[in-house]
Every structure is written in structure tokens, then in C-alpha cells.
2 protein chains.
Amino acid sequence: MNPLLNPPDSAHPTPAVLIRGTGLLGASIGLGLRRVGDTVYLSDPSPSAQAIACDIGAGVPWEPGTVPDPEIVVVAAPPEASAAEVAQALIDFPDAVVLDIASVKATVRDELRSRAADPRHELQPSMLTRYVGTHPMAGRERSGPVAARGELFTSMPWVICPAIDDSGEHVPERAAVAWAEDIARRLGATIHYLDPDAHDESVALISHLPQIAASMVASRLQDAPTSALALAGNGLRDVTRIAASDPGLWVQILSFNAGPIKEILYGLRDDVLRLISTLEDPLAPGGQADIAQLIAEGNSGQARVPGKHGAPPQSFAVLTVIVDDKPGQIAAVLQDVATVGVNVEDMRMEHSAGHEVGMIELSVLPSRREELASALTEMGWRVAT
Amino acid sequence: MNPLLNPPDSAHPTPAVLIRGTGLLGASIGLGLRRVGDTVYLSDPSPSAQAIACDIGAGVPWEPGTVPDPEIVVVAAPPEASAAEVAQALIDFPDAVVLDIASVKATVRDELRSRAADPRHELQPSMLTRYVGTHPMAGRERSGPVAARGELFTSMPWVICPAIDDSGEHVPERAAVAWAEDIARRLGATIHYLDPDAHDESVALISHLPQIAASMVASRLQDAPTSALALAGNGLRDVTRIAASDPGLWVQILSFNAGPIKEILYGLRDDVLRLISTLEDPLAPGGQADIAQLIAEGNSGQARVPGKHGAPPQSFAVLTVIVDDKPGQIAAVLQDVATVGVNVEDMRMEHSAGHEVGMIELSVLPSRREELASALTEMGWRVAT
């Protein structure tokens with residue numbers, strides 16, 4: 001069956017999928033697709049990574065020639081290897097739709113184009129109509145197939161690039177895009193459409209810049225005295241959490257998205273230089289206004305970060321409950337919250353050095369806060385006033 | 001009673017406390033101290049702030065001459081007003097211990113010293129032995145007395161500066177320090193000791209730098225297309241959360257701690273400039289090694305951030321449960337976790353655009369993870385594999 005002639009429909013066909021690359025993302029895609037009934041084949045240049053992925057149930061080893069060609073090939077290779085793997089898959093499987101999931105999209109497209117334009121390469125321009133660039137925006141601080149899980153993509157954005165870019169070139173067949181949508185949807189992801197350049201500019205801002213900032217802040221802590229670190233609160237913990245990320249992956253992401261990231265770093269550099277200059281003499285005329293502007297601009301930007309479920313940013317009311325730090329306390333609070341019938345929109349635990357009590361901060365709709373606070377207090381909970 | 005002759009003991013006397021300044025922190029201290037039985041008087045240059053603080057029960061209005069002098073004065077003024085308020089309190093109440101809670105400590109000390117050394121000022125050097133600089137490290141994204149709560153300091157660090165600094169000057173009486181410790185302890189805080197300069201260097205690193213980084217990252221989002229913001233995940237949300245802070249307060253904090261912050265910003269500036277230069281040609285020799293080093297240094301620094309209860313950073317095992325986004329689901333999960341007898345060390349909810357399901361990430365001791373995963377699965381929960 002040529003999938004280009006038979007796009008997926010609402011009956012959810014279960015295609016044969018070959019996943020090339022069985023790291024965290026490839027193995028997670030395999031686990032998720034098997035759960036919905038797909039036949040999944042796996043291959044990885046590392047025999048041990050492939051074996052682990054097969055062992056955890058992400059698919060069966062790909063043995064060329066023993067089974068019919070796959071209908072979908074998902075290239076789950078590191079960014080620097082993605083274009084070559086996509087090209088090879090387009091050549092190897094002349095009827096298959098080929099997706100990649102690299103977290104940068106313009107360089108992969110550019111490399112595919114230049115290969116297709118080069119007569120020394122086997123890749124033909126017409127083959128590119130079967131390629132769809134995608135980027136599932138999910139990940140973990142751990143990597144490798146052992147960290148894989150089928151639900152990795154649940155509720156997470158999955159960018160699909162229909163490649164409507166300036167050149168008008170490389171437009172995948174509609175049916176190929178439909179297959180990409182189908183895979184993303186069956187893994188529980190939320191589909192977004194962006195052209196490769198807009199994608200790369202977007203992730204430079206909302207993913208790569210925060211990573212760089214977190215790493216640079218955390219880097220300053222390397223030689224900090226323990227007495228300073230002992231004062232760390234949720235502010236520092238939040239800002240530095242993603243600094244635990246994998247250097248090997250980020251070298252590729254930052255290298256391959258150098259252009260858009262540089263543009264953003266110019267602005268960051270100017271802000272840092274301006275603040276240093278202001279702090280030379282903060283009480284000089286205009287100094288305090290400069291600092292106020294920096295913080296106020298941060299306020300404006302932060303207010304634009306969407307909340308839960310992509311809803312417009314909403315200010316939930318926060319209600320704090322003090323509990324002992326022992327099993328069952330959080331459950332008991334939430335049990336009582338459920339009895340009152342109030343939905344918890346978000347929740348965080350707060351605690352700091354030395355004390356064996358915790359604070360649970362519940363975010364709820366502002367209109368329900370007072371009612372919930374009264375009810376919990378009546379039930380005997382210590383609600384912060 | 002002169003508190004200097006009668007330091008607090010384990011019997012927890014309940015002194016009369018005057019709080020000068022009824023913003024978020026002053027009003028919260030009042031609420032917390034009244035709960036443990038202290039007599040609390042409040043004064044604020046803003047009649048409305050004072051009235052609100054009194055209305056919420058943080059204390060009664062201070063009416064000079066109608067009651068005996070307070071034994072403790074807590075100056076809860078903005079950093080720029082703290083030294084003058086402390087000086088005035090030391091003059092007004094010749095037997096009282098005077099604390100301030102400004103989030104920068106060296107400039108307050110320096111201003112007090114220069115006032116005491118200046119014969120035109122009423123402040124005498126001997127009065128400084130009744131002053132103790134402190135800094136309760138607690139706050140909220142909201143400000144003002146309406147946001148106050150008595151539990152604000154529970155489990156949070158409270159830095160006390162016994163002022164052992166280079167000069168050897170300004171050493172408070174031991175009894176004055178004991179009163180400061182007593183107040184912090186009765187508000188549930190965890191006491192840390194640092195001299196003013198070490199305090200300011202510490203907070204520059206673990207509080208002011210994260211604030212600056214968060215504001216600068218968030219600032220870049222001001223003009224971002226909505227399609228980019230729609231891709232935001234927990235990484236961006238975490239890094240920018242504190243960018244919602246109050247510009248007025250941060251102008252003072254950054255101005256008053258300019259020296260230590262500048263030293264740290266030099267390092268940040270060098271990192272930004274080096275990365276920009278590397279990204280000009282990331283594939284040049286050494287380029288990728290530079291990027292790897294940036295991320296690896298972030299790894300090292302992040303690993304030093306202490307976890308819950310000031311314990312050494314510990315890697316908890318994370319277990320993810322998928323739930324419907326409706327009242328009671330989280331409670332039900334945690335109820336079942338409690339039945340198994342496993343303590344939840346930390347917890348976060350993850351969700352993104354469009355889907356009405358949520359993921360609860362439970363951090364538990366690694367040795368209990370498998371047992372909990374099996375038990376929850378048996379109970380019918382969808383545990384991510």
C-alpha cells in the first residue's frame with residue numbers, strides 16, 4: 001500500500017512504522033505506537049541501544065528483506081545525523097513517508113535540499129515530497145532508551161513543518177503531512193504548524209534561551225560557598241532546574257540553531273552590559289529608572305507565558321496549607337479539597353532547610369479560593385492566612 | 001524591663017514588639033507573632049497600609065505615650081529607608097533591641113556606622129550594640145499587607161548578622177542577638193549566621209542573579225509571536241516565574257547590592273560574549289567543546305543546589321501518573337500512594353496546550369519506586385513506563 005494514495009482516516013489504520021534511532025525519543029515513540037496497535041520496527045547504529053529498546057517493548061528489531069517495507073519511517077537521530085538518515089530512508093523506501101524529529105528544522109531542510117540538488121547524491125528532489133519535518137517538544141533530564149516512556153508526548157506540543165517557506169520549495173504531499181499528524185495525534189500530542197525558520201526562531205526563544213540562561217546561572221554556583229547555597233529557595237531551584245540537561249545533545253542543538261540564538265543573545269548581552277554600567281553608580285540620574293525598566297519588561301514578558309493547557313495566562317488564587325512532612329498528608333489535603341469540589345489547577349510544594357514541615361500551594365480559580373479556605377480550616381487544616 | 005539584661009529563655013517570654021512598616025513582611029511578622037501570644041504594635045507612614053495590617057489582625061496601632069516602650073522594634077522598611085528607621089528607633093527607645101529585615105545588609109550597616117560617627121547625628125556608637133541586622137528569606141510575587149500571612153516564614157531561612165566583619169566594629173550584645181534568634185524561631189524560620197558582607201555576596205548569587213536572569217529571559221518574550229509562546233513548556237515557565245516580581249522593590253535591592261552583583265555579572269557577561277563568538281562559527285575547531293563546557297559547567301553548578309529541607313542534593317526517582325484533569329484525581333492518586341506507605345518527596349504537575357489530561361510527577365526515594373509503580377498499576381492507575 002502506498003500511503004501517499006491512502007492517507008490515514010478517522011478509522012485509525014495501524015501502519016508498519018520503522019523507527020531509526022532508539023534513544024529516549026525514538027524508544028518513547030515506539031512504546032506509544034505499539035500501545036495503539038502499530039507494528040513497530042527498530043534500528044539503531046548502537047546494537048545495545050537497539051537491544052534495550054526492544055527489551056522494554058518499544059518494537060522488534062528491523063531485519064531488512066524479511067518483512068514488507070514500512071509505510072512510515074521515523075528518523076529519531078541526533079540533529080547532526082538527521083538529514084543523512086532522512087535522505088537514506090527516502091532512497092531505501094521509495095513508497096514510505098519519512099519524518100524526522102530533530103529539534104532544529106531549517107538546517108535539516110537545507111541539507112536535504114542541497115543533497116537533492118547535487119547530482120552526485122542519489123537523493124532526487126521529487127523524493128522530498130515524502131519528507132515531513134517535525135519536532136515533538138518533549139524530553140526529560142535523563143536520556144537513552146531506559147528513560148523512554150510511551151506517555152512522553154501526552155499533552156505536549158508536536159510541531160509539524162508543512163514547509164511553507166520563502167522559496168516555496170520542498171512542499172510535502174498533503175497525504176504525507178496527514179500521516180505526520182496521525183502519528184502525533186495517536187501519541188497524544190497537540191499539533192502546531194510552523195515553517196522551519198519560524199520553528200527555529202520560536203524554539204531559540206522559548207527553549208534554547210532558557211537553557212542557556214539556566215546553565216549560565218548554575219555555572220556561577222560551581223565555586224559558591226556552602227553557606228550561600230544553604231540559603232537557596234524555590235527561585236534558584238526553578239531557574240536552574242533545566243541546567244541538568246545533557247551537554248552532548250545541547251552542543252548539537254545550539255550549533256545547529258546558531259543564527260536565531262545569536263540574534264536573541266545580542267539583546268541579552270546589551271541588557272547585561274547596560275545593567276553592569278548602571279550598577280557602577282546606581283544612584284546616578286536615570287540609574288534606578290534603568291533597573292526598574294529591566295524588571296518591568298520582565299513583568300510584561302512573563303505575563304505572556306501561557307498557562308496550563310495553552311490557555312491564556314491566568315492568575316490563579318493561591319492557597320497555602322501547612323502539613324507535616326510524612327506519608328499521606330498531601331493525599332489527605334487533596335482528598336478534602338476534592339470533597340469541596342474545587343479543581344486544583346496547579347500545585348507546588350515548598351520547603352526549605354531544616355524544618356520537617358511542608359507547605360502545599362494550591363492554585364485554584366480565584367472565585368473558589370475563600371470557600372475552599374473556609375472549608376479546609378473547618379476540616380482542621382492549617383491554612384495560611 | 002531591659003531585654004539586654006533579660007535575654008529570652010526557653011520559657012518563650014512574650015515581649016511587646018513594635019513593627020515599623022506594615023508591607024508584606026512587616027504584616028506577616030505581626031500575624032505570626034500574635035499567633036504565639038506577643039503584643040504587637042504597628043506603625044507605617046502610610047495610614048492605609050497600617051489600617052489594613054491592623055484589620056487583618058497583624059497588630060494594634062502604635063500610639064506613642066499611651067503604652068510602655070516596646071522591648072523589640074522590628075524595622076520592616078524598604079532597604080533605602082532601613083538605616084534611618086533603625087537609627088530613629090535606637091534613639092526613640094533607649095532600652096529596646098532593634099532589628100531590621102532589609103534584604104541587603106552591608107549598606108544598612110555602613111550607613112548606621114557613618115551616622116554614629118557623625119557628631120551632627122543623635123545616634124551614638126554605643127547604641128549600635130542594640131541593633132541586629134537580619135534577613136528573613138521569604139517573599140511572594142504579591143506585595144502589601146493584603147498578601148501577608150503568618151506562615152510566610154515557616155521553614156524558610158532567616159539570616160542573622162552577628163556582624164563579625166573585618167573592622168571588628170558593631171558587635172551587637174549577645175542578648176540582642178538572642179532576641180533576634182527568638183523572633184525568627186517563633187516564626188518557624190531556620191536560622192543562618194552570616195556577616196553582612198558574606199550575606200550580600202550570598203544573596204547576589206542565589207537570589208539576585210536568578211532574578212536578573214529571569215527578568216532578562218522574560219523581557220525577550222515581550223514581542224514574541226503568539227505561535228512561539230504556544231510552544232512554552234515547564235522549562236520556560238520555571239525559568240521566568242520570578243520575573244513577575246515587583247520592580248519597586250528590586251530597584252532598591254539591586255541598587256543597594258550593586259558591588260557583589262556586578263562581580264557576578266562580569267562572569268555572566270563573559271559567558272554570553274564567548275557563546276556569541278562561538279555561535280559565529282560553531283563548527284570551527286573548539287567551538288563545540290566551548291558549548292559543551294558551558295552546559296557541563298551548568299550541570300556541576302546545578303548539582304550543588306540543595307534539595308528539600310536543606311539536605312544535600314539527592315536524586316529522587318520520578319514516577320509519572322497520567323490522570324484526567326478533573327477534581328479529585330490528584331487526591332485519589334496520593335491517597336493510594338499513602339496506602340502503599342511511600343513518602344512523596346516532591347511533586348509537580350505537567351501539562352501543556354490543548355489536552356485535558358495531566359501528568360503528576362512524583363519524586364520518591366529510588367528504592368521505593370518500583371514497588372510504588374507496581375502497586376499503583378494494580379490499583380488501576382496509568383503509570384508511565
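Its residue count N sets the reference 2.2 N^0.38 Å, and the alpha-carbon radius of gyration of segment A:165-239 equals 1.79 times that reference. Peptide B:284-292 shows a mean partner chain C-beta count of 3 within 10 Å per residue C-beta. Within 10 Å of the Cβ of each residue in A:339-345, the mean number of Cβ atoms contributed by other protein chains is 4. Peptide A:183-196 has a mean shielding of 2, counted as Cβ atoms of other protein chains within 10 Å of each residue's Cβ. Of the listed residues B:156, A:216, the order by accessible area with a 1.4 Å probe, largest first, is B:156, A:216.
Considering only the other residues whose Cβ falls under 13 Å of the Cβ of residue B:43, what net charge follows from Lys and Arg at +1 and Asp and Glu at -1? Each step should come with its number before you reach the end.
Details: positive: B:20; negative: B:44, B:63, B:85, B:92.
Cβ neighbours under 13 Å give a net charge of -3.
Using a Gaussian network model of chain B in which every pair of alpha carbons under 10 angstrom is joined by a spring, one finds that among B:363, B:227, B:219 the greatest mean-square fluctuation is at B:227. Dividing the Cα radius of gyration of segment B:10-134 by 2.2 N^0.38 Å, with N the residue count, gives 1.03. Here the dipole of chain A is about 520 debye; that uses its Cα centre as origin and unit charges on the Cβ of Lys and Arg (positive) and Asp and Glu (negative). The residue A:126 and residue B:277 beta-carbon pair, evaluated with R₀ = 30 Å, returns a calculated FRET efficiency of approximately 0.15.
Using only Cα atoms, figure out Rg for segment B:213-252 and give it as a multiple of 2.2 N^0.38 Å.
On the way: Rg = 11.3 Å, N = 40, 2.2 N^0.38 = 8.9 Å.
This ratio for segment B:213-252 stands at 1.27.
Accessible area buried by the pairing of B and A, both sides summed with a 1.4 Å probe, works out to roughly 12000 Å².
What order, most packed first, do the peptides B:333-342, A:125-134 have when packing is the mean number of other Cβ atoms within 10 Å of each residue? All intermediate terms of the calculation are to be shown ahead of the outcome.
Values: B:333-342: 19.3, A:125-134: 21.6.
My ranking of the peptides, most packed first, is A:125-134, B:333-342.
Just reorder A:67, B:17 by solvent-accessible area, largest first, 1.4 Å probe, all chains present.
Numbers: A:67 40, B:17 0 Å².
These residues rank, largest area first, as A:67, B:17.
The lysine pair tally for the protein assembly as shown, using Cα distances under 24 Å and a gap of 8 or more places or different chains, is 5. With the gyration tensor restricted to C-alpha atoms of segment A:104-248, the semi-axes of the equivalent ellipsoid amount to 37, 18, 14 Å, longest first.
For segment A:62-189, the share of alpha carbon pairs falling in successive 5 Å distance bins from zero is 2, 10, 20, 23, 20, 14, 7, 3, 0 percent.
Evaluating 6.51 cos²θ - 1.76 cosθ + 1.60 at θ = phi - 60° for every residue in segment B:231-243, the Karplus couplings come out as 8, 4, x, 4, x, 5, 4, 5, 5, 9, 3, 6, 5 Hz, glycine and proline recorded as x.
Per atom type, the protein assembly as shown shows carbon and sulfur on 52% of its accessible surface, probed at 1.4 Å. Placing a label point 7 Å from Cα along the Cα-to-Cβ direction at residue B:95 gives distances to the equivalent points in the other copies of 9.9 nm, listed shortest first. For residue A:60, the residues whose amide H sits under 5 Å from its own are A:40, A:41, A:42, ignoring neighbours fewer than 5 places away on the same chain, with H placed 1.01 Å from N. Computed over chain A with a Gaussian network model linking Cα atoms closer than 10 Å, the most mobile of A:114, A:202, A:28 is A:114.
Beyond 18 Å, what percent of the Cα pairs of segment B:176-334 remain? Roughly 77 percent, once rounded to a whole number. A simple rule links phi to the HN-Hα coupling: the Karplus curve 6.51 cos²θ - 1.76 cosθ + 1.60 with θ = phi - 60°, which for segment A:178-185 gives 4, 5, 4, 4, 5, 4, 4, 5 Hz, with x for Gly and Pro. Between residue B:346 and B:363, the built amide H atoms are under 5 Å apart, and every one of these is 5 or more places off in sequence or on another chain.
In percent, what relative contact order does chain B have, based on Cα pairs under 8 Å that are 6 or more apart in sequence?
Working: 613 pairs, mean separation 47.4, N = 385.
Relative CO of chain B lands at 12 percent.
Scanning residues 5 or more positions from residue B:156 or on other chains, those with amide H under 5 Å from its amide H are B:190, with H placed 1.01 Å from N in the peptide plane. Using the Cα coordinates of the protein assembly as shown, the gyration tensor eigenvalues translate into equivalent-ellipsoid semi-axes of 54, 29, 20 Å, sorted from longest to shortest. For segment B:62-68, the Karplus equation 6.51 cos²θ - 1.76 cosθ + 1.60, evaluated at θ = phi - 60°, returns couplings of 7, 10, x, x, 8, 10, x Hz by residue, with Gly and Pro reported as x.
When the Cα gyration tensor is reduced to axis lengths a ≥ b ≥ c, the ratio a/c is 1.5 or higher for segment A:204-289, and with a/b not above b/c it is classed as oblate.
Pairwise Cα distances in segment B:25-95 exceed 20 Å in 28 percent of cases. Three semi-axes describe the equivalent ellipsoid of segment A:83-141; taken as square roots of 5 times the Cα gyration tensor eigenvalues and ordered largest first, they are 22, 13, 9 Å. Here the convex hull built on the C-alpha positions of chain B has a volume of 205 cubic angstrom per residue.
For the protein assembly as shown, what is the mean residue ellipticity at 222 nm derived from helices alone (per DSSP H run of n ≥ 4: -39500 (n - 2.57); sum divided by total residues; nearest 500 deg cm²/dmol)?
On the way: 28 runs with 328 residues, N = 770.
That calculation yields -13000 deg cm²/dmol at 222 nm.
Place a point 7 Å from the Cα of residue A:51 along the Cα-to-Cβ direction; which residues of segment A:62-79 have their backbone N under 20 Å from it? Counting only backbone N, you get A:62-64.
The values are calculated or read from the model by the stated rules, or taken from the named source; none is laboratory data. Just so it is clear, the model here is predicted, and its values are computed rather than measured. Methodologically, a virtual Cβ is constructed for each residue, glycine included, from the backbone with ideal geometry; neighbour enumeration extends over all protein chains shown. These accessible areas exclude ligands, DNA and RNA; they are computed on the full protein's heavy atoms, side chains included. Shrake-Rupley method; radii C 1.70, N 1.55, O 1.52, S 1.80 Å.
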